[in-house]
Amino acid sequence: MSNKMIAVMKTKPEVGAELREIPIPEPGPKDLLVKVRATSICGTDVHIYKWEGVFTKRIKPPMVFGHEFCGDVVKVGRDVTGFKEGDYVSAESHIPCTVCPVCRNNQMHICHNLKILGVDTVGCFSNFCLVPEICAWKNDPSLPTELACIQEPVGNAVYTVLAEPITGKSVVVIGDGPAGCNMVGVARASGAGRIWQVGKYPFRLNIGKQMGADVSINIKEPGTEVVKRIVAETAGIGVDVVLDTVGNQEAVNWALGCVRKGGRISAFGIPSAPITIDYASGIVFKGARLLGINGRLMYDTWFQMAGLLASKKFDPTPIITHRIKLSEFEKGFAAMTSDNRTAGKVVMYPD
C-alpha cells in the first residue's frame, strides 16, 4: 500500500478547499485506521468551506475536514480491543474524554471536554482516516455503503425525534434540509400521527413528502402564516411535538407558537446570532418542555438507528440526491449552496 492518500483540505482561512496528496496517518494506541468507502457533506462542512460561523474559531488550516463516512478497518492501534482489521465501521463524530463528570453521568455526547471529528481533529474527506476506538460503530455487513456513511446525520434526527415518545403524537418539523427530512422519516417510521413540515424549497419539501410528511407548508407562498394555520388545523390546541432544525428567530417563534400546552420542543437548529423568546407565555405558562439536542446519545441513538434501518420502515435513500467522486467535491458544495437548494445529501466516493 502506498503511504500517500488524496484528501480535501481546508488550507487557508477563506472560502474554498483544495485537493492535496498527503501521507496516510498512523493510528495511535487507541485508534483505528479506516479505508473510506464513502463520505458525505454536512451543513457544518458547508460553513467550513464558506469560512463562516462558529467553526471558523476552531478549524486550524491546513487540515482535512469532514466527519460523515463509513469504511473498512485496515489497521488498529496496539491498545484497541473491540475492533479488528476488516471490520466495516462508521463513526460517532463527538469525541469524549470519558472521565469528566458529564461523561461519567452517561452523557458522553456532551462531554465537558468535547472534540469533534473533522473540526477539532483531522477529518474524513480522504482515502483513509483515523477514528478513536471510543467513536467507532460496527455496521451490519449488509448495510448499503451510502446509508452507512450518513448514519452520523441520521442519528441527529433519531435523537431529536425520539428524545421522548413520539407514537401517535402530532408533529411539526421546521426545516426542509436533510435533517428535517430525516426527522419526518424517523417520526413516520416510529408511529407519529399527523406530520407537518415547514420549509421554503419545493425540491426539498417534495423529499419530505416522500419521507412521510402529511402536510407541506411553503413559507414563500403568499399569505402563509405558519402558527395560525397549524393551530387552526389542530382545533386551536397546537401540536404535541415541534422539531426545529433551523434555529433562527422566526423558527423559534413558530415553535413556541405551534406547540400545545404540555407539549415538547426539540431544539436542534443552531442560531447564527442571539435570539429572544417569550419565556413566560411560550414555556412557563404552557408547561412546555424545551430539549436541547446535540449530536447523538452514545450509544443509545445508534442502537435505535440500527433497528430502524433494519426494519426497512425508515429509508433515508430519497434524501441522497448526489453521488460523486471525492475529487469532484466542488460540485458537491455547489449543489449544497445553490439558490434553489436542489440537493439533499451529497455522497462522495474516494477515487
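The values are calculated or read from the model by the stated rules, or taken from the named source; none is laboratory data. Just so we're clear, the structure is a prediction, and the values are computed from it rather than from any experiment. Here Cβ is always computed from backbone atoms with ideal geometry, including for glycine, and neighbour counts include all displayed protein chains.
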**Request:** Kindly check whether there is at least one residue in the stretch 44-66 that is buried (at least 19 other Cβ atoms within 10 Å of the Cβ), among the hydroxyl-bearing types (S, T, Y) and closer than 29 Å to S272 by Cβ.
**Result:** yes
**Complete:** Selection from the stretch 256-280 of residues of a type in the set (G, A, S) and farther than 22 Å from V54 by Cβ yields G257, G262, G263, A280
**Message:** Can you list residue pairs whose Cβ atoms sit under 7 Å apart, with the first residue in the stretch 316-341 being farther than 16 Å from P178 by Cα and the second being modelled with pLDDT under 95 and outside any strand (DSSP E or B)? Count only pairs 6 or more apart in sequence or on different chains.
**Reply:** K325/D351; L326/D351; S327/D351
**Fill in**
Within the stretch 1-18, of all residues that are of a type in the set (A, V, I, L, M, F, W, C) and under 15 Å from V74 (Cα atoms), the one nearest to the chain's Cα centre (by Cα) is M5
**Fill in**
Looking across the stretch 24-55 at residues that are part of a strand (DSSP E or B) and aliphatic (A, V, I, L, M), the single one that is nearest to I320 (Cα to Cα) is A38
**Message:** If I ask for residues that are of a type in the set (A, V, I, L, M, F, W, C), touching a residue at least 60 places away in the same chain (Cβ under 8 Å) and farther than 22 Å from Q197 by Cβ, which ones from the stretch 254-307 would you list?
**Reply:** L297, M298, W302, A306
**Request:** Any chance you could count how many residues in the stretch 256-277 are in a loop (DSSP other than H, G, I, E, B) and surrounded by 13 or more Cβ atoms within 10 Å (Cβ to Cβ)?
**Result:** 6
**Asked** Which members of the stretch 36-52 meet the condition of being over 17 Å from the mean Cα position of the chain (by Cα) and of a type in the set (D, E)?
**Response** E52
**Complete:** Taking the stretch 259-310 and keeping only residues that are at positive phi and within 14 Å of the chain's Cα centre (by Cα), one is left with G295
**Prompt:** Taking strands (runs of 3 or more DSSP E) that fall entirely within the stretch 284-351, which contain at least 2 residues that are among the basic types (K, R)?
**Reply:** 320-325
**Members of the stretch 110-139 that are assigned to a loop (DSSP other than H, G, I, E, B) and either without any contact (Cβ under 8 Å) to a residue 24 or more places away in the chain or of a type in the set (A, V, I, L, M) (or both)** = C111, H112, N113, L114, V119, V122
**Prompt:** Got at least one residue in the stretch 188-196 being at pLDDT 95 or above, surrounded by 19 or more Cβ atoms within 10 Å (Cβ to Cβ) and assigned to a helix (DSSP H, G or I)?
**Reply:** yes
**Request:** Give me a count of the residues in the stretch 95-109 that are touching a residue at least 40 places away in the same chain (Cβ under 8 Å) and either in a strand (DSSP E or B) or touching a Cys at 6+ places or on another chain (Cβ under 9 Å) (or both).
**Result:** 3
**Prompt:** In the stretch 154-179, which residues are within 18 Å of the chain's Cα centre (by Cα), more than 21 Å from A310 (Cα to Cα) and either part of a loop (DSSP other than H, G, I, E, B) or not aliphatic (A, V, I, L, M) (or both)?
**Reply:** G175, D176, G177
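Have a look at A187, A148 and point out the one that is aliphatic (A, V, I, L, M) and under 20 Å from C124 (Cβ atoms). Show your work before the answer.
Values: A187 fails: under 20 Å from C124 (Cβ atoms).
Being aliphatic (A, V, I, L, M) and under 20 Å from C124 (Cβ atoms) holds for just one of A187, A148, which is A148.
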**Item:** Index of the failed condition, E21 passing every other in (1) in a strand (DSSP E or B); (2) touching a residue at least 60 places away in the same chain (Cβ under 8 Å); (3) more than 24 Å from the chain's Cα centre (by Cα)
**Value:** (2)
**Message:** For the condition out of contact with any Gly (no Cβ under 7 Å at 6 or more places or on another chain) and free of Cβ contacts under 8 Å to residues at least 24 places away in the same chain, what is the one hit in E85, E92, E152?
**Reply:** E85
**Complete:** Pairing a residue in the stretch 224-244 that is assigned by TED's automatic domain parsing to the domain that holds K200 and among the small types (G, A, S) with any residue that is outside any loop (DSSP other than H, G, I, E, B) and buried (at least 17 other Cβ atoms within 10 Å of the Cβ), where Cβ atoms lie under 6 Å and the two sit 6 or more apart in sequence or on different chains, gives G238/V231; G238/C258; G238/V259; G238/R260
**Complete:** By residue number, the members of the stretch 227-255 that are out of contact with any Cys (no Cβ under 9 Å at 6 or more places or on another chain), within 30 Å of I48 (Cα to Cα), of a type outside the set (D, E, K, R) and outside any helix (DSSP H, G or I) are L243, T245, V246, G247, N248
